[in-house]
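The values are calculated or read from the model by the stated rules, or taken from the named source; none is laboratory data. These numbers come from a predicted model, not from an experiment. FYI the Cβ positions are ideal-geometry reconstructions off the backbone, even for glycines, and counts take in every protein chain you see. Protein only, heavy atoms only, side chains kept; ligands, DNA and RNA dropped before computing areas. Shrake-Rupley method; radii C 1.70, N 1.55, O 1.52, S 1.80 Å.
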Amino acid sequence: MDSGECSNSNPSSSSPPAAGVWARLVPADSAYPEVSVAEDDAVVCSLATPAAGGEELAWCEIRRGGDASSATIRNLSSDAIIVDGRVIQQEVVDIKPGSEIVPGPEKDGHLAYTFDITAAKDHNENNVKIVLDIENAKCSICLNLWHDVVTVAPCFHNFCNGCFSEWLRRSSSNSRDKSQSAACPQCRTAVQSVGRNHFLHNIEEAILKAFSSLQRSDEEIALLESYASVKSNIVLGKQKNQSRKRPLPQPSDESNDAELPCPQCGTEFSGFRCSPGAAHLQCNGCGGMMPARPSTSIQQKCLGCDGTFCGAYWYSQGVSSRHRGLICNPETFRMISQHHISRLPDTLHGGNPFEKDITERCIQQSGKTLQAVISEWIAKFDNKELDRSRLQLNNVDAITSRTHLCNHCYNKFIDFLLYWFRVSTPRNLLPPDAASRDSCWYGFMCRTQHHRPDHAKKLNHVCRPTRSNP
């Protein structure tokens, strides 16, 4: 919320009401207006005393609770407030419909409000929302938001049409038994059918509308669509009747090659071959298998997310996709110092396109390439000159420029470095339109910047929060 501004305007204001109103504060004195509580801004601004002369103050924060009939309130004022007869300082307490709230330390001289939830009474379909973690709306093959999403059965995992179609093509070309179903890239279950999911496609479009920074480039979309082959429901493999007879043994080990977990189970590469029953790891990138070899110096797990990635391992063993099975490109999992970056990630600064543009102009103004700027800040990172508390990765204290990171974690690392690049840039070196902005109270944690472009542009969000997350 903008510094010094109230988002919950009274009905007499000329400003339009906030979207997603789900609750209200009803004053005990009907001479005063009701106060709306909106989804997109939890901070309540209203009259606190009858003698306030019409001045509205931001004095509390109200959020939904664990069910449809509960909520929580937190005092934001410099004084205490009263909730159901209890004096509240800064702690968060539960409230329910009918709770009495006084925006001051005593009832005398302050207005009294009754809390009420209105969303449960509103059946307008435009107010129906589906809460979805964006991480659960990503294709596990490309690790991006679905594009033209398809769902496989019987496991019901979801992928981009183009990604799964290419996976299916490569699986078929590498399989000796063309009648055998492909394995799900995520869980390795035999896929019996695949089809386009129109319901999830609508969710995909809604996410892109709310978070435009997740939109892929035209080139990426064109490439995906050129791969896409799922136009309707497709049944994979031959559906055979189940027999109670025990299957005959295969005449040779060679015919079982397609069932081997990984290339080194059937063939020796770089002096190593898997022993019978050897433990294996499943790659989070391609879904393929590789032997678990913790005693080697070859990295198999990303230190940033603890996910397993096979690209570096198979590259070190001299194995490529032409041998057998699907394996990751080595560029998907490399040391930080080996990554090369030529463009800013779309997820930079929380996906705020205005902040990304300002950072890009700052780099251009410095006369250095993006890679040169990143290299400078990697050196500062290695020298422990940066506070790592904002780095959204696991094992932050153990990470150095020689740490292997997957592409997703590397983008988070770049976001962290460029945050420090921006906050360390003197105001007089910022572009004029950026230098004149005030900082948002909630800084990089602000959620309003993701769905209100005017707010995202008006205030600086590359800064630490001075209030809790709205």
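Numerical summary
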{"read-out": "Filter result (open to solvent by 60 Å² or more (accessible area, probe 1.4 Å) and of a type in the set (Ser, Thr, Tyr)) within segment 214-237", "value": "226, 227, 229, 232"}
{"read-out": "One residue from 274, 286 being outside any helix (DSSP H, G or I) and under 19 Å from residue 141 (Cβ atoms)", "value": "286"}
{"read-out": "Positions within segment 294-310 being modelled with pLDDT of 85 or more and either part of a helix (DSSP H, G or I) or open to solvent by less than 50 Å² (accessible area, probe 1.4 Å) (or both), in sequence order", "value": "298, 300, 302, 304, 307, 308, 309, 310"}
{"read-out": "Residues within segment 386-425 that are at pLDDT 90 or above and within 25 Å of residue 455 (Cβ to Cβ), tallied", "value": "13"}
{"read-out": "Count of segment 207-230 residues which are of a type outside the set (A, V, I, L, M, F, W, C), within 14 Å of residue 168 (Cα to Cα) and not in a helix (DSSP H, G or I)", "value": "1"}
{"read-out": "Total residues in segment 263-321, condition in contact with a strand residue (DSSP E or B) (Cβ under 9 Å, 6 or more places away or on another chain), over 17 Å from residue 187 (Cα atoms) and among the aliphatic types (A, V, I, L, M)", "value": "5"}
{"read-out": "Any hit, segment 314-335, residues being surrounded by fewer than 17 Cβ atoms within 10 Å (Cβ to Cβ) and assigned to a helix (DSSP H, G or I)", "value": "yes"}
{"read-out": "Tally, over segment 401-434, of residues that are crowded, with 19+ Cβ neighbours inside 10 Å and free of Cβ contacts under 8 Å to residues at least 12 places away in the same chain", "value": "0"}
{"read-out": "Within segment 178-197, considering residues that are open to solvent by 70 Å² or more (accessible area, probe 1.4 Å) and over 29 Å from the mean Cα position of the chain (by Cα), the one modelled with the lowest pLDDT", "value": "178"}
{"read-out": "Any chance residue 211 is open to solvent by 60 Å² or more (accessible area, probe 1.4 Å), under 27 Å from the mean Cα position of the chain (by Cα), farther than 12 Å from residue 150 by Cα and not hydroxyl-bearing (Ser, Thr, Tyr)", "value": "yes"}
{"read-out": "Strands (runs of 3 or more DSSP E) lying entirely in segment 68-165 (those with 2 or more residues that are at pLDDT 85 or above and open to solvent by less than 50 Å² (accessible area, probe 1.4 Å))", "value": "71-75, 81-83, 92-95, 100-102, 113-117, 149-153, 158-160"}
{"read-out": "Positions within segment 435-466 being open to solvent by 80 Å² or more (accessible area, probe 1.4 Å), over 19 Å from residue 392 (Cα atoms) and within 21 Å of the chain's Cα centre (by Cα), in sequence order", "value": "451, 453"}
{"read-out": "Single match in 383, 394 (criterion: touching a Cys at 6+ places or on another chain (Cβ under 9 Å) and surrounded by fewer than 15 Cβ atoms within 10 Å (Cβ to Cβ))", "value": "394"}
